[in-house]
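Note sheet for the following structure.
The values are calculated or read from the model by the stated rules, or taken from the named source; none is laboratory data. Note that this is a predicted model, so its numbers are computed, not measured. When we count neighbours, we look across all protein chains shown, and the Cβ atoms used for this are built from the backbone with ideal geometry, even at glycine.
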Amino acid sequence: MNIDLRPWCIEDAQAYTHNINNPNVSANLTDGVPYPFYVKDAIAFLERVLEADPAQQLHRTILVDDRVAGGITVRKQADIRRGTGMMGYFIGQPHWGQGIMTEVVGRICGEAFSQLSIHRIEAQIFAPNLGSVRVLEKNGFVQEARLRQSILKRGQVQDSLLMARLQPGTALPVWDEVRTPDAPVKAQLPGNLHLRPYQVEDVPQILRLLDNPKMGATLSDRYSYPYTQEQAEAMVSFMVSADRRENLQQVILVDGEVAGSVGISRREGVYRQTADVGYWVGEPFWGRGIMTAVLQRALCEAVGLLQVTRFEAEAFSGNVGSHRVLERCGFTRAGIARGSITKGGEILDSALYELVLNRT
């Protein structure tokens, strides 16, 4: 048996469709790959692949004895995740159980580390897909987190696994564990704390708080220092236009003054039962317990508006305050994504947190 990898071409559309248009294959793929899958879907995918920047995305056809058998992709992530590549793959059912994908993953990792200039490759797979787990483990991937009830596929709720492999020699930080007792989520804010939607008039106060090197150190590069008027205007404009049923973005007010922000946005596809949580509070308001009270209230609002059953958040390895906020709001640590953050020239871990609501 001869196994090869090559770039896709538009002529692969028929063979691509033949391999992926199978309910057993589709069962382990996200909703971005529809079922039934038609040749027109394959052509649309291949046209996007052929236009992709090879320095950002690595797409390969899997050939078995010169016949198309499947595909594998590694996409470089952006912003503070630019050192990570997200991997996805499939292989037609006639080729299962022959060790093909194990060899393919091994080959693509070496190519991706070099071509995409990354130090980490990760894959998020459906937990029941034990074959994929074995493929990754054989190639040095480690399970970093089990994300409970994070997948909704064909009416069935499943866990997912985050698995990752680091390029040999990647230096990781050493940091202390942070553990605080869980606390029940409360809906009541203290009298001097309020949440409201963004307003265009918030730009000057947002700019004043975010134009601070200490703020940029723990946020994504969208908030890097110096933070400009144009960035503040663009951010506030986006927040004002957000659909609150999908993306709940609110300003934190302390005694009527803008103090920070909290955002909870619902995911799509098989991840639609999950909402991502992000927040920040300006330096003048640090250490006052503001964020814990705010997040508790925001979560209560989001459950009804977004119609989700779980929340995810992450915190830089050294951001002890953020770890404490999440754990005090009932989040539990699902795992550590090793070397997943590149910030200020350093490679950092991120702690992955989840809050799973009781299903009734």
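Scanning for something loosely packed, with under 13 Cβ neighbours inside 10 Å and on the phi > 0 side of the Ramachandran plot, does the stretch 236-249 turn up at least one residue?
Within the stretch 236-249, not a single residue is loosely packed, with under 13 Cβ neighbours inside 10 Å and on the phi > 0 side of the Ramachandran plot.
Among the residues of the stretch 311-333, write down those that are over 18 Å from His194 (Cα atoms), out of contact with any Pro (no Cβ under 9 Å at 6 or more places or on another chain) and part of a helix (DSSP H, G or I).
Val320, Gly321, Ser322, His323, Arg324, Leu326
Does Val308 fit the bill of being in a loop (DSSP other than H, G, I, E, B), among the β-branched types (Val, Ile, Thr), modelled with pLDDT of 95 or more and farther than 24 Å from Ile206 by Cα?
yes
For (1) of a type outside the set (A, V, I, L, M); (2) out of contact with any Gly (no Cβ under 7 Å at 6 or more places or on another chain); (3) at negative phi, each residue gets a yes or a no:
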position: Leu63; (1), (2), (3): no, yes, yes
position: Val68; (1), (2), (3): no, yes, yes
position: Lys76; (1), (2), (3): yes, no, yes
position: Arg82; (1), (2), (3): yes, yes, yes
position: Phe90; (1), (2), (3): yes, no, yes
position: Glu103; (1), (2), (3): yes, yes, yes
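If you go through the stretch 27-51, how many residues are part of a helix (DSSP H, G or I) and either of a type in the set (Asp, Glu) or closer than 23 Å to Leu161 by Cα (or both)?
Qualifying residue count, the stretch 27-51: 3.
Checking the condition over 24 Å from Leu161 (Cα atoms) and surrounded by fewer than 16 Cβ atoms within 10 Å (Cβ to Cβ), which residue from Asp65, Asp79 passes?
Unique residue meeting the criteria: Asp65.
Please verify whether the stretch 18-36 includes one or more residues that are among the charged types (D, E, K, R), out of contact with any Phe, Trp or Tyr (no Cβ under 6 Å at 6 or more places or on another chain) and either over 28 Å from Leu130 (Cα atoms) or crowded, with 17+ Cβ neighbours inside 10 Å (or both).
no
Out of the stretch 206-234, which residues are buried (at least 18 other Cβ atoms within 10 Å of the Cβ), under 22 Å from Gly321 (Cβ atoms) and at pLDDT 95 or above?
Ile206, Leu209, Leu210, Tyr227
Take the conditions within 30 Å of His119 (Cβ to Cβ), in the same structural domain as Asn129 (by TED's automatic domain parsing) and touching a residue at least 12 places away in the same chain (Cβ under 8 Å) and apply them to Thr73. Does it pass?
yes
Taking Asp202 and the conditions (1) among the charged types (D, E, K, R); (2) exposed (fewer than 15 other Cβ atoms within 10 Å of the Cβ); (3) modelled with pLDDT of 95 or more, which numbered condition does it fall short on, given that it satisfies the others?
The single condition Asp202 does not satisfy is (2).
Can you name the strands (runs of 3 or more DSSP E) wholly within the stretch 52-135 that have at least 1 residues being in contact with a Phe, Trp or Tyr (Cβ under 8 Å, 6 or more places away or on another chain) and among the polar types (S, T, N, Q)?
Passing ranges, in order: 57-64, 67-76.
Quick check on Val277: is it closer than 24 Å to Ala334 by Cβ, aliphatic (A, V, I, L, M) and in a strand (DSSP E or B)?
In short, yes.
If I filter the stretch 168-199 down to residues being loosely packed, with under 12 Cβ neighbours inside 10 Å and either basic (Lys, Arg) or under 17 Å from Val320 (Cβ atoms) (or both), which single residue comes out as modelled with the highest pLDDT?
Residue satisfying both the conditions and the ranking: Arg196.
Of the residues that make up the stretch 264-272, is at least one modelled with pLDDT of 95 or more, in a strand (DSSP E or B) and not small (Gly, Ala, Ser)?
yes
Identify all residues within the stretch 201-258 that are under 19 Å from Glu283 (Cα atoms), part of a loop (DSSP other than H, G, I, E, B) and among the hydrophobic types (A, V, I, L, M, F, W, C); write none if there are none.
Ala217, Leu219, listed by residue number.
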